[in-house]
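The values are calculated or read from the model by the stated rules, or taken from the named source; none is laboratory data. Just so you know, these numbers come straight off a predicted model, no measurement behind them. A quick note on method: Cβ atoms are made from the backbone with ideal geometry, for glycine too, and the neighbour counts reach across all protein chains shown. Each accessible area value is taken on the protein alone, full model and side chains, heavy atoms only, with ligands, DNA and RNA left out. Shrake-Rupley method; radii C 1.70, N 1.55, O 1.52, S 1.80 Å.
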Amino acid sequence: SAYTMLEVNNNDTKELRDLSESFNEMMLDLKENDEQQQAFIMNASHELKTPITVIDSYSQMLKRFGKTREDILDESIFAISDEAKRMKYLTEQLLSFSKAAQAKENFRPEKLNLVDMISGIKNRLEPVYGRNIEVHHEADFMFVTADADSLDQLLKIFLDNAYKYSSEDININITKDKEFTRVDIIDRGIGIPEEDLGKIFNRFYRVDKARARKTGGSGLGLSIADELAKMNDIRVSVESTVDEGTTFTLKFEHGKEEQDENR
Ligand code: ADP
């Protein structure tokens, strides 16, 4: 295999043994990473293959019956347009996936005012959603340390979900206590069953395939959000009640910027 493992024996010096041990650990990490990437590509291709297969078979039907059977014409047009939408969404998510990888490479944490940042996102997304995003903030300046691009991407994922899985205004609260600055993204939507809460951050996981399908879900968003959050040392938690709504919470531990302010 491409992953070399070093062997040492007891006659070797402790330094050499330690060195080869950390080398082997690194190799195992790389191997695991590669395997995860492989699994991801397989999953992604499979997810793309399904709509392509459906579009293909409906086009065959259209070729044969489209000119004579109005019912088949109707059904096919709807099915093809649905599946095309799904593919569009999925490719967008894959793009956002590689964007996240890019963010990882260009990772540059800086001191950011969450109030400005979130107001900017609100102004950008409200016209797209055609819905209000109500932002409440305890103060006008609430600083955290994070990489701006990845934080923007991260917040957008939660907001897109709040939009997709609810039909009312979305609320964002920015608060802080002794330990954390905290952002709550609150929707009054369909909610998430308790037994699914632990799984929604997994790649390609969707609570209800039929339901998620209608909203054009791919199950990738939250797994990307999870990675972006880890990169930025943000803790993410979720609380939800079916038919009432969902709150995703982001917690930023106070770091240097806080000490600066108190100095
Ligand atoms: P998707 O593209 O399917 O939305 P995500 O990874 O973003 O993928 O979310 C995974 C699943 O978690 C979704 O399919 C949905 O079932 C559930 N989910 C995420 N956010 C919400 C929310 N705000 N309200 C209800 N369900 C949600």
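Residue-wise test of (1) among the charged types (D, E, K, R); (2) within 30 Å of residue 183 (Cα to Cα).
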site: 67; (1), (2): yes, no
site: 84; (1), (2): no, no
site: 96; (1), (2): no, yes
site: 113; (1), (2): no, yes
site: 117; (1), (2): no, yes
site: 120; (1), (2): no, yes
site: 129; (1), (2): no, yes
site: 132; (1), (2): no, yes
site: 150; (1), (2): no, yes
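Scanning the stretch 176-198 for any residue that is among the hydroxyl-bearing types (Ser, Thr, Tyr), in contact (Cβ under 8 Å) with a residue 40 or more places away in the chain and surrounded by fewer than 20 Cβ atoms within 10 Å (Cβ to Cβ) turns up nothing.
Could you list, in sequence order, the residues of the stretch 118-154 that are within 18 Å of the chain's Cα centre (by Cα), more than 13 Å from the ligand (Cβ to nearest atom) and either among the basic types (Lys, Arg) or under 22 Å from residue 233 (Cβ atoms) (or both)? Selection gives 118, 121, 146, 147, 148, 149, 150, 151, 152.
Of the numbered criteria (1) of a type in the set (Val, Ile, Thr); (2) open to solvent by 50 Å² or more (accessible area, probe 1.4 Å); (3) in a helix (DSSP H, G or I); (4) more than 24 Å from residue 230 (Cα to Cα), the one residue 41 fails is (4).
Residues of the stretch 227-241 that are more than 9 Å from the ligand (Cβ to nearest atom) and either out of contact with any Leu (no Cβ under 7 Å at 6 or more places or on another chain) or in a strand (DSSP E or B) (or both): 227, 230, 231, 233, 234, 235, 236, 237, 239, 241. Checked against (1) in contact with an Asp or Glu (Cβ under 6 Å, 6 or more places away or on another chain); (2) over 30 Å from residue 225 (Cα atoms), residue 103 meets all criteria but (2).
To keep it simple, each residue is scored yes or no on (1) open to solvent by 70 Å² or more (accessible area, probe 1.4 Å); (2) within 30 Å of residue 149 (Cα to Cα); (3) within 16 Å of the ligand (Cβ to nearest atom); (4) in contact with a His (Cβ under 8 Å, 6 or more places away or on another chain).
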| site | (1), (2), (3), (4) |
| --- | --- |
| 50 | no, no, yes, no |
| 53 | yes, no, no, no |
| 58 | no, no, no, no |
| 72 | no, no, no, no |
| 75 | yes, no, no, no |
| 84 | no, yes, no, no |
| 92 | yes, yes, yes, no |
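Being of a type outside the set (Asp, Glu), within 16 Å of the ligand (Cβ to nearest atom), open to solvent by 70 Å² or more (accessible area, probe 1.4 Å) and closer than 30 Å to residue 43 by Cβ holds for only one residue in 104, 88, and it is 88.
Residue count for the stretch 23-40 under the criterion of being among the aliphatic types (A, V, I, L, M) and closer than 13 Å to residue 203 by Cα: the result is 1. Filter the stretch 203-226 for residues that are surrounded by fewer than 19 Cβ atoms within 10 Å (Cβ to Cβ) and modelled with pLDDT under 70; which is nearest to the ligand (Cβ to nearest atom)? Among those that are surrounded by fewer than 19 Cβ atoms within 10 Å (Cβ to Cβ) and modelled with pLDDT under 70, it is 212.
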